[in-house]
Ligand SMILES: Nc1nc2c(c(=O)[nH]1)N[C@H]1C(S)=C(S)[C@@H](COP(=O)(O)O)O[C@H]1N2
Ligand SMILES: [Mo]
């Protein structure tokens, strides 16, 4: 078997990616690691997850409590602003809808914006509408395996319809807020919203 036909084996047939790559993106089969700082490591016994409403913390889940929440498996395409896209990635996690519903039994969380806050200080901001309605998860598995630390393990936000910088690795808190507060990249020249289909890469893009 020639090198060339081997190189092509396993690729999608021509045309199969049509309509799935946003403008300016190319497909990668690797899973690049993009982190602005060192990979934080936390023992699961010390890990917890906070859902905070405008009036203060509404719910806090230990790892065990978090695992007891209903999990979903989703297959989605992801798009990094550095122009790679990865198709058909498989994740397992708890939907943000579930987290809000669970937290709402203990305190008010409803607010028009959310800031995801991670170990290490990374933050990213999103409208409520972009994390509800089955559009966002706190993922704990990738490809059937516990999420690797470099990819955000033990848990990361997954918001596949926006550029992947919105999918905060090592996420520990969802902070629902009455006003929009720019996160780490959003306050450093990147677009506040980040829709890959409208190519909203940088501040000032339409
Ligand atoms: N905490 C944290 N989350 C983060 C980042 C980061 O630097 N820190 N980088 C973002 C960017 S720019 C991208 S493209 C993805 C990369 O995820 P990956 O390393 O699993 O590919 O994580 C996003 N989430
Ligand atoms: Mo990115």
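The values are calculated or read from the model by the stated rules, or taken from the named source; none is laboratory data. The model shown is predicted, which means the values in this text are computed figures rather than measured ones. In this analysis, Cβ positions are derived from the backbone assuming ideal geometry, glycine residues included, and neighbour counts consider all displayed protein chains.
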Task: Where a residue in the stretch 33-50 is within 16 Å of ligand 2 (Cβ to nearest atom) and its partner, wherever it lies, is not in a loop (DSSP other than H, G, I, E, B), with Cβ under 9 Å and at least six apart - done: 33/150; 33/151; 34/164; 34/165; 35/150; 39/149; 39/150
- [ ] Considering (1) closer than 25 Å to residue 193 by Cβ; (2) more than 13 Å from the chain's Cα centre (by Cα); (3) in a helix (DSSP H, G or I), say which one residue 87 fails and leave the rest.
- [x] (3)
TODO: Working only within the stretch 110-132, note down all residues that are surrounded by fewer than 24 Cβ atoms within 10 Å (Cβ to Cβ), assigned to a loop (DSSP other than H, G, I, E, B) and in contact with a helix residue (DSSP H, G or I) (Cβ under 7 Å, 6 or more places away or on another chain).
DONE: 111, 112, 132
Task: Some residue of the stretch 114-121 being within 16 Å of ligand 2 (Cβ to nearest atom) and over 19 Å from residue 147 (Cα atoms) - done: no
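For every residue, the table says whether it meets (1) at pLDDT 95 or above; (2) more than 23 Å from residue 51 (Cα to Cα); (3) touching a strand residue (DSSP E or B) at 6+ places or on another chain (Cβ under 6 Å).
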residue	(1), (2), (3)
87	yes, yes, yes
95	yes, no, yes
101	yes, no, no
113	yes, no, yes
118	yes, no, yes
125	yes, no, yes
129	yes, no, no
132	yes, no, no
138	yes, no, yes
Open item on the list: I'd like to know if the stretch 175-182 contains one or more residues that are modelled with pLDDT of 95 or more and within 14 Å of ligand 1 (Cβ to nearest atom).
Closed with: no
Task: Qualifying positions in the stretch 133-161 - in a loop (DSSP other than H, G, I, E, B), over 18 Å from residue 30 (Cβ atoms) and within 16 Å of ligand 2 (Cβ to nearest atom) - done: 159, 161
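Would you point out the residue of the stretch 162-174, among those that are near ligand 1 (Cβ under 8 Å from one of its atoms) and in a loop (DSSP other than H, G, I, E, B), that is farthest from residue 194 (Cα to Cα)? Don't jump to the end; show me each part of the working.
First pass over the stretch 162-174, keeping only residues near ligand 1 (Cβ under 8 Å from one of its atoms): 163-171.
If we keep only those that are in a loop (DSSP other than H, G, I, E, B) as well, we get 163, 167-170.
On the way: 163: 5, 167: 11, 168: 14, 169: 17, 170: 20 Å.
Filtering first and then ranking leaves 170.
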TODO: For the stretch 43-74, name all the residues that are assigned to a strand (DSSP E or B), on the phi < 0 side of the Ramachandran plot and away from ligand 1 (no atom under 16 Å from the Cβ).
DONE: 48, 51, 52, 53, 57, 58, 59, 60, 61, 62, 72, 73
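Out of the residues in the stretch 75-84 that are touching a residue at least 60 places away in the same chain (Cβ under 8 Å) and not in a strand (DSSP E or B), which is surrounded by the fewest Cβ atoms within 10 Å (Cβ to Cβ)? Walk me through it before giving the result.
If we filter the stretch 75-84 for residues that are touching a residue at least 60 places away in the same chain (Cβ under 8 Å), which is where we start, we get 76-81.
Now restrict to residues that are not in a strand (DSSP E or B): 80-81.
Details: 80: 17, 81: 22.
Only one residue fits best here, namely 80.
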Open item on the list: Looking at the stretch 142-161 only, could you name the residues that are over 9 Å from the mean Cα position of the chain (by Cα), more than 9 Å from ligand 1 (Cβ to nearest atom) and buried (at least 17 other Cβ atoms within 10 Å of the Cβ)?
Closed with: 153, 154, 155
